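A.B. asks: Take this structure first; my questions come after.
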Amino acid sequence: MGVTVGVNIKNRKRNIGVFFNCSEERFQKSFCHSLSTAARKKDYNLIFFMTFEVIDDESDFNRMNEKMIKFAPIEYLDAIIIAYDTFDRESIRQKLEDEIRKRASCPVISFREKYKDFYSITSNANDAISNMVNHLADYHHCNNIAFMAGYKYHYDSNERLEIYKKAMRIRELPIYDNYIFYGDMWRFKGEEAFRYFFSDPEHIPDAVICANDHMARALCNAAIEHGLDIPSDLIVTGVDDIAEAVEYHPTLTTVSVDIENMTMRTIELADKLIHKQYIKSVNIVPAKIMYRESCGCNGEEVVVPYQQQLNQYYERMSHLLGQPHNQTMFQIGLDGCDTLEELLGTIQKNIDVVMKHKAFFIFLSGRDNENGGRDFKEDITDEVEQIFGYRDGERLPEYTRKIRTDTSQLLDEFENDKPRTVYFSLLHDSTNCLGFVVSEFASLNDTVDQYYFDYLLKISLALNKHYMAAELKYLLEQSKQKSLTDFMTKLSNRRGFDQFVSQNIKEWIKAAEEIAFMTLDIDGLKKINDELGHEAGDLAISAAAKIIRKRCPDNGLCARIGGDEFLMIFPVKKTSPDEIASKIEAGMKKRNISGAFPFKLSVSIGWYKTIMEKGTRIEDCLAESDQKMYEIKKIHHGDEF
């Protein structure tokens, strides 16, 4: 693709973006480490955009990985490297291609896979399948050679399968119905493959070439479980030369590719393209067949010192065995958080639970809503908010800041005197993107692996849970408040009145507080309804409520407890009931004089004062205030409109 640079910022470091899906741990570490090392030598920032696709998973959660491609600032990168063979689903591969063709103005390089018209760095590992067939036929006299492929849409597997078929045709060797099995490019199909290959007693294979080492090791284990000897009864070979190829017996005959050499050539190619140098051709990195025990050969290059094997095994198992406990304790810590700050504090305490960080940032997408939650969207929003920052062993000062994701600002954040390697990973659920994290590790040997994904997933779920809980708490409080509030007047109802009393009565009794209980009843409400209609009656109730609320002391409460009846309760230390009643009556008189209503608004008010004691009964106090109100009501009963 094109070779022009996306942006021209004077003296800034160039940014090479890498699209990579979480893969087999040791290959991924080798790839990321060697690519980062090569980029640093050329003074480039390396920015990984990580996804965590699961093979054969069409769930909505898995599909959300595609949002990373749309989010990545493709327009502002100086070069792009894609490890296409780590992406398995056709839809995400197509999405990646579409977004890059639409938005990229920089060179694009496909690593390990020849992808359409993109520049590519590949090996001849697939071609080595032909040599493997020849080796098995010529040196081990195998005539019945089967092939264990990966799933049917895997690029490398399909290419290796076709080369196997071609080599078998050239040598005029038979391919029987039970000689091609489609596996999973992983370790879970070994038993099924064994049963398939041995399903026809007349055509038992002498050897099985597997499309990668994971399947080869799985098939070896299944064959041994069935009592076969490798290689006397069955020869098994693989591709990739993973660590397990030599860590267990029988050691695995396989095809080895120099990943460090490939990554170095990839960065060299990117450097030339960025500087618009002429590219004669893209060299293919040669692969090498490692002849080992699983085919009956014992080359010197396969010998790994026993102590070295033990050290590698111990190092890996120590890391693996510690992860479940560490992650569980991290989850327990997150579950115990009630506030966002507690949650972020727990993240800080566990910042190095998987990898030792040099820097770690959390950015939230969406916006806070009025309900105490946050409105997340399906895609990362154009503006994001940093809620957590950590660098060089310390949490950065607590503040939030917003940056734009649709400009070069996202990349400008990582300007530094020295080249850096950073990893972007999405935080999401099955429907929405919550945000993303930016990770920079203390060692180039560390990378975003499956355990790190579990770590991020816990953070994602905890953040989502926090905002959902906050919104639910708010809505529950609103619902509770509505259950304590009169719908028409927005004053408390009888339940709200009772709750206010129960919350304060102990303090009133302890302080021997003198409390006033006041009953207020609108005069002539039935007559207003009958003669002017219920709208006028509702107006009278609302108008009376506003005046009563305005005169209620701050340390008291007023409530509507019936159609035309109100209650007020307050300490009389600063305000007397006579004063309150006078102000309410004056307020209504003023509104009546102004002609605000088509009726005369007035209330009958009675009250009762008492010093609160342990034996004081609220019902008795209200009964006294009711009686006083009714005495006033008799006086007002004859009033006309």
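A.B. asks: For I235, what residues show an amide H to amide H distance below 5 Å, using hydrogens built from the backbone and excluding near sequence neighbours?
C.D. replies: A207, V208
A.B. asks: Residue-wise, which Karplus ³J(HN,Hα) couplings in Hz belong to segment 231-242, taking 6.51 cos²θ - 1.76 cosθ + 1.60, θ = phi - 60°, and x for glycine or proline?
C.D. replies: The phi angles translate into x, 4, 8, 8, 8, 10, 10, x, 9, 2, 6, 6 Hz.
A.B. asks: Mind checking the dipole of segment 112-227: about its Cα centre, +1 per Lys or Arg Cβ, -1 per Asp or Glu Cβ, Debye to the nearest 20?
C.D. replies: Here segment 112-227 has a charge dipole of around 300 debye.
A.B. asks: Moving on. Given a cut-off of under 8 Å on Cα pairs at least six residues apart, what relative contact order in percent is computed for the chain?
C.D. replies: Once normalised by length, the contact order is 12 percent.
A.B. asks: To continue, here is another question. Applying the Karplus parametrisation 6.51 cos²θ - 1.76 cosθ + 1.60 with θ = phi - 60° to the phi angles of segment 136-151, what ³J(HN,Hα) value in whole Hz is obtained for each residue in order, glycine and proline being reported as x?
C.D. replies: After applying 6.51 cos²θ - 1.76 cosθ + 1.60, I find 5, 6, 7, 9, 10, 6, 8, 9, 10, 10, 9, 9, 9, 8, x, 5 Hz.
A.B. asks: Work out, step by step, the length gained on full extension between R401 and S59: first 0.36 nm times the residue separation, then minus their alpha carbon distance; give nm to one decimal.
C.D. replies: Computed gain between R401 and S59 is 119.8 nm.
A.B. asks: Still on this structure: Hey, any idea what % of the chain's accessible area is carbon plus sulfur with a 1.4 Å probe?
C.D. replies: Ligands and nucleic acids excluded, carbon and sulfur give 49 percent.
A.B. asks: Could I ask something else about it? Search the structure for amide H atoms under 5 Å from the amide H of I289, placed 1.01 Å from N in the peptide plane, and list their residues when 5 or more places away or on another chain.
C.D. replies: S256
A.B. asks: Suppose every K and R has +1 on its Cβ and every D and E has -1 on its Cβ; what is the size of the dipole of segment 392-479 about the Cα centre, in Debye to the nearest 20?
C.D. replies: Here segment 392-479 has a charge dipole of around 260 debye.
A.B. asks: To the nearest 10 degrees, how steeply does helix 306-335 sit against the main Cα axis of the chain, on a 0 to 90 scale?
C.D. replies: For helix 306-335, the angle is close to 10 degrees.
A.B. asks: Compute all pairwise cysteine Cβ distances in the chain, then list the cysteines with no distance under 4.7 Å to another cysteine.
C.D. replies: C22, C32, C106, C142, C210, C220, C295, C297, C337, C433, C621, each lacking another Cys Cβ under 4.7 Å.
A.B. asks: Hey, what angle do you get for helix 577-593 against the long axis of the chain, alpha-carbon based, 0 to 90 degrees rounded to 10?
C.D. replies: Value to nearest ten degrees: 90.
A.B. asks: Between helix 213-225 and the chain, what is the angle of the helix's C-alpha long axis to the longest principal axis, kept within 0 to 90° and rounded to the nearest 10?
C.D. replies: Taking Cα atoms only, the helix is inclined about 80 degrees.
A.B. asks: Taking every DSSP beta bridge that has both residues in the chain, what percent is antiparallel when rounded to the nearest 5?
C.D. replies: Details: 53 of 89 bridges.
The antiparallel fraction comes to roughly 60 percent.
A.B. asks: Here is a further query. Mind listing the phi-derived Karplus ³J(HN,Hα) values for segment 35-46, rounded to whole Hz, using 6.51, -1.76 and 1.60 with θ = phi - 60°, and x for any glycine or proline?
C.D. replies: Each residue's phi maps through the Karplus curve to give 5, 5, 4, 5, 5, 5, 5, 9, 6, 10, 6, 10 Hz.
A.B. asks: Here's another thing I want to ask about it. Determine the per residue accessible area of the chain with all protein chains present and a 1.4 angstrom probe, expressed in square angstrom. Mind dumping the intermediate values first?
C.D. replies: Working: 30480 Å² over 641 residues.
That works out to 48 Å² for each residue.
A.B. asks: Can you order the peptides 210-216, 61-67, 526-532 by their average number of other Cβ atoms within 10 Å per residue, highest first?
C.D. replies: 210-216, 61-67, 526-532
A.B. asks: Straight-line reach only, C-alpha to C-alpha below 21 angstrom: list the lysines that K614 could link to, leaving out same-chain residues fewer than 8 apart.
C.D. replies: K506, K510, K573
A.B. asks: Among S408, L344, G533, whose Cα lies farthest out toward the positive end of the dipole of the chain, if unit charges sit on the beta carbon of Lys, Arg (+1) and Asp, Glu (-1)?
C.D. replies: Of S408, L344, G533, it is G533.
A.B. asks: Here is a further query. Which order do the peptides 535-542, 167-174 take when ranked by the mean count of other beta-carbon atoms within 10 Å per residue, highest first?
C.D. replies: Numbers: 535-542: 17.0, 167-174: 13.5.
Taking the mean over residues of other Cβ atoms within 10 Å, the ranking is 535-542, 167-174.
A.B. asks: Sum -39500 (n - 2.57) across every DSSP H segment of at least 4 residues in the chain, then divide by the residue count to get the 222 nm mean residue ellipticity, nearest 500.
C.D. replies: Per the formula, -13500 deg cm²/dmol.
A.B. asks: Quote the charge dipole size of the chain about the Cα centre in Debye, to the nearest 20; the model charges only the Cβ of Lys and Arg (+1) and of Asp and Glu (-1).
C.D. replies: With only Lys, Arg, Asp and Glu charged at Cβ, the dipole is about 2520 debye.
A.B. asks: On to the next question. Please sort 261-271, 566-576, 85-95 by packing, taking for each peptide the average over its residues of neighbouring beta carbons within 10 angstrom, highest first.
C.D. replies: The packing order, highest mean first, is 261-271, 566-576, 85-95.
The values are calculated or read from the model by the stated rules, or taken from the named source; none is laboratory data. Just so you know, these numbers come straight off a predicted model, no measurement behind them. Here Cβ is always computed from backbone atoms with ideal geometry, including for glycine, and neighbour counts include all displayed protein chains. The protein model used for the area step is the full one, side chains on, heavy atoms only, and it has no ligands, DNA or RNA in it. Shrake-Rupley method; radii C 1.70, N 1.55, O 1.52, S 1.80 Å.
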